[in-house]
Structures are given as structure tokens and as C-alpha cells.
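Written out below as C-alpha cells is the structure these notes cover.
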Amino acid sequence: MKYTIQLTVITGLMLSIIACSEADSTSDTTQNPTPSNPTTSNPVETNPANTSYKPTFSGQTRVGGVKTTTPYKVTLLTSSLSAPWGITSLPDGRLLVTEKSGRMRIVTAGGTVSVPITGIPTVNAGGQGGLLGVCVSPSFATDRMVYWVFSENVTGGTVTAVAKGKLAMGETAIENATVIYRANPAANSTLHYGGRILFDKTGHLLVSTGERSNLATRPLSQSVSGALGKIVRITTDGGPASGNPTFNGTGALPELFSIGHRNPQGIALHPTTGELWQSEHGPRGGDEINRVLPGANHGWPTITYGIEYGGQTIGSGIQQQNGMEQPVYYWDPVISPSGMTFYKGNRIPEWQNNLFVGALSGQHIARLVITNNKVTGEERLLTSEGQRFRDLTQGTDGALYAITDGGRMYKIDKE
Ligand SMILES: [Ca+2]
């Protein structure tokens, strides 16, 4: 089976088209492969693992590789963004993008980048912080409301904060920006903010927070009285949403949806089940994909498949414990999974309900085939671009749009 990737660079003029083809002897015999029955070959990861830990179940890591058979086209729309961090689709087909330093911009589906949008509260852009994830109201076409996550300076350090505001008609400003939620306690750290946000099916916000990456705050992932290392579910005014799970423990916060996370930088709702899925930066060898049900404890830092970056064991060095959820999938070595989305389009039918995850250190987009809540195939896309993929979304046109730390936005669509 041969397929062609065209890389089109658009800078007002079409400058170049680079075409390449690749022989794939493993897929020749399968016509119209379905997402639930991919033709798999050797795992895409070929480097040695960092640990000798064993997966809890078959298919929890290094599943067979798959290869997209539909010819698809990769278009570089722009290289002029500055450290974009979050991307979401607007109803008219344009993309709303955050930049780490504290700006938002609107990018057309053709790659034209707007002036910065003003009116956004100051962010602390040090370290891993800044203007982070973004989403818009389900009724954005009429209410024009934007919701975003950022790292905020507060007494005692910084917090992961959530704000909202209305995109003014001229699209050059956010009006009445208001901070609606802060993930306390503050920490003297500029790392592990989490930072993704989306609307669930009930009109409430799901937000991921990190454990702030120091040994003092790390255990707070397991504390129900603090909001670090959690998924929280809040109203559009920032209060705890109705129907949240109840966690046992003194001072349990009513906004908690799940606990035991390290640094979750990707969240998405499964297209058919509606359940929340999540990507999480783990320690060395312990990056995870999780299916996050309400009330769940995802284990950090008690259980993990990784070790400290210095090589030491974490905690008791255990990978399972009663009452703690197993990741659906993990990567060792890590790929640094960031923003992610399920593909719901019909442009490339074999991608239906697949999970696409941006990889930072991995410098690719991971395509995960998921069958009955298990990963059954893995592919690495855009590996030749040399980019740290920070976030991606599906456009209203059914294409995927991805942003990179290097300031690029790509469109990935049927040829
Ligand atoms: Ca975990």
C-alpha cells in the first residue's frame, strides 16, 4: 500500500510542495480496515524501557503499530504563532489559540493569524506556566463566552486558575474577564499546572490541575482537601457542579471529579461513551492515558510505572493498589503527552473514534486505536516535522488542527 503526504507551506503564496511515498508491506492484504480491527505490526516504540516493571494487563503498553491507509495531506498553515498552548474550534470554522506568554489569537482555517486579543488578566509565564488551555461556550455563537486556564501569581506563589470573558464583537478584546476558580493551595513552583478545560455534556466545566512538581506538594494529589493533581468539575461561575462524586476525607472539596493525577495536559470526551479521557505527564517511564470516571483515584504518587528522572524509585515502587485505577495505556520511554482529541469526523473513516495525542518530547502526534476502552493500535504521525506538539482539535470541517511549541499550526486532512 502506498500513500502520499503532501506538505504544503502557505505564506500567502504556495511556496513548495514536498511529496513522499512510503511502501508498507504489512497493510497490503487488508481492504478497508475498520477501527476495531486494525492490522497491527511491531510496536512503534523500539527503544529500551527505563524500568523492568511489568504491565498489569496485555495491551497496557507497546501495542502493535498501525498505519493509516487513507491518503492524507499535512498542511503547514502558519509558523508565526508564539508558543501556542491551547486550540479550540469556533463555530464558524476559525480556530481560537492561546499563546503561553498571555495572548489569544484567532486563526482562520487558511492560516491567517489575527492581532493579539487584549483584556486577558496577567499570567505568570515562567517555567511551564502561562496562558494555557481554552474552550468556548457551547452557545458561543450567541453568548461569545470564552473560558481559559492560566497560571496566576497569588500570595504564597502561583495557582492554576480559570477565567472567563466575552469576546467583543470586534474580536480584538475580551470583555469583563473574571477569574472564576483557583486550584488551591498556592505553591512556590512554576511547574505542573495541568491546564486543560472543556465543557461536559451537562454544561459544566472539567479542568485539569497538576501537583506542582515539588516533593512537598506531590502528596497533595492524594489529598481530597486540596485541588492539586485533580480533575475538577465546576459551573461556569466557578462553583462546584451539581452531581459531583463524594470523596471521603476531612475537608473534601465539592468540586473534585477525580484525584491522584500528576500533570494532566490533555482531556477529551469519548465520542460514543461520553466518558472523560485524559493524558498525563508521568515520571520517567510513566506517561499515561486514563479513562477517568467520577470519583476515581488515579494513583499518583502511590502507584506509577515510572521512576524519578534521577533514577530513584518513587514511593514503594508499586504499580497497583486496591482502590486506585490503572492507566488504560502508558509509555516507557515517555513521549510527554499533551493536548488530545478524539476524531469524530467522516473525512477519514478509519480514524473514527481514534484518540490523537500531541507529544512534546516525542515530537509526533500519537494516533491510538481504541476498542472497548483498550488501546489496540498505535501510530506516530508527523514524525518528520521535528515539532513538539502541544495541542490539537478537530475543526468544523472535519480536519485536525495541531499547534506546536515552535509556533506552527498544521492542518491534517484527507488528501
Ligand atoms: Ca496514574
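The values are calculated or read from the model by the stated rules, or taken from the named source; none is laboratory data. Computed from a predicted structure; not experimentally measured. We place every Cβ from the backbone using ideal geometry, glycine too, and count neighbours over all the protein chains shown.
Quick look at the numbers
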read-out: Contacts under 6 angstrom Cβ, first residue in the range 193-218 being over 10 Å from PRO264 (Cα atoms), partner assigned to a loop (DSSP other than H, G, I, E, B) and among the hydrophobic types (A, V, I, L, M, F, W, C), 6 or more apart; value: HIS204/ALA241; ARG212/LEU228; SER213/LEU191; THR217/LEU228
read-out: Any hit, the range 259-269, residues being outside any loop (DSSP other than H, G, I, E, B), touching a helix residue (DSSP H, G or I) at 6+ places or on another chain (Cβ under 9 Å), modelled with pLDDT of 95 or more and surrounded by 15 or more Cβ atoms within 10 Å (Cβ to Cβ); value: yes
read-out: Evaluation of THR376 against (1) assigned to a strand (DSSP E or B); (2) surrounded by 22 or more Cβ atoms within 10 Å (Cβ to Cβ); (3) of a type in the set (S, T, N, Q) (one fails), failing number; value: (2)
read-out: Of all residues making up the range 336-367, the number that are assigned to a loop (DSSP other than H, G, I, E, B) and more than 16 Å from the ligand (Cβ to nearest atom); value: 13
read-out: Residues of the range 291-325 classified as aromatic (Phe, Trp, Tyr), under 21 Å from the mean Cα position of the chain (by Cα) and more than 30 Å from THR202 (Cα to Cα), total; value: 1
read-out: Unique residue being surrounded by fewer than 23 Cβ atoms within 10 Å (Cβ to Cβ), among the hydroxyl-bearing types (Ser, Thr, Tyr) and at pLDDT 95 or above when the list is THR122, THR209, THR158; value: THR122
read-out: Single condition GLY65 does not satisfy, out of (1) more than 22 Å from LEU360 (Cα to Cα); (2) buried (at least 17 other Cβ atoms within 10 Å of the Cβ); value: (1)
read-out: Filter result for PRO254 (surrounded by fewer than 16 Cβ atoms within 10 Å (Cβ to Cβ), free of Cβ contacts under 8 Å to residues at least 40 places away in the same chain and more than 13 Å from the ligand (Cβ to nearest atom)); value: yes
read-out: Residues of the range 270-292 satisfying the condition of being within 13 Å of the ligand (Cβ to nearest atom) and in a loop (DSSP other than H, G, I, E, B); value: GLY282, PRO283, GLY285, GLY286
read-out: The range 78-98 residues that are in a loop (DSSP other than H, G, I, E, B), paired with ones that are among the β-branched types (Val, Ile, Thr) (beta carbon under 6 Å, 6 or more apart); value: SER80/VAL113; GLY93/THR396; ARG94/ILE106; ARG94/THR108
read-out: Filter result (more than 21 Å from ILE197 (Cα to Cα) and surrounded by fewer than 21 Cβ atoms within 10 Å (Cβ to Cβ)) within the range 383-397; value: THR383, SER384, GLU385, GLY386, ASP397
read-out: All positions within the range 293-308 that are near the ligand (Cβ under 10 Å from one of its atoms) and either in contact with a Pro (Cβ under 7 Å, 6 or more places away or on another chain) or without any contact (Cβ under 8 Å) to a residue 12 or more places away in the chain (or both); value: PRO301, THR304, GLY306
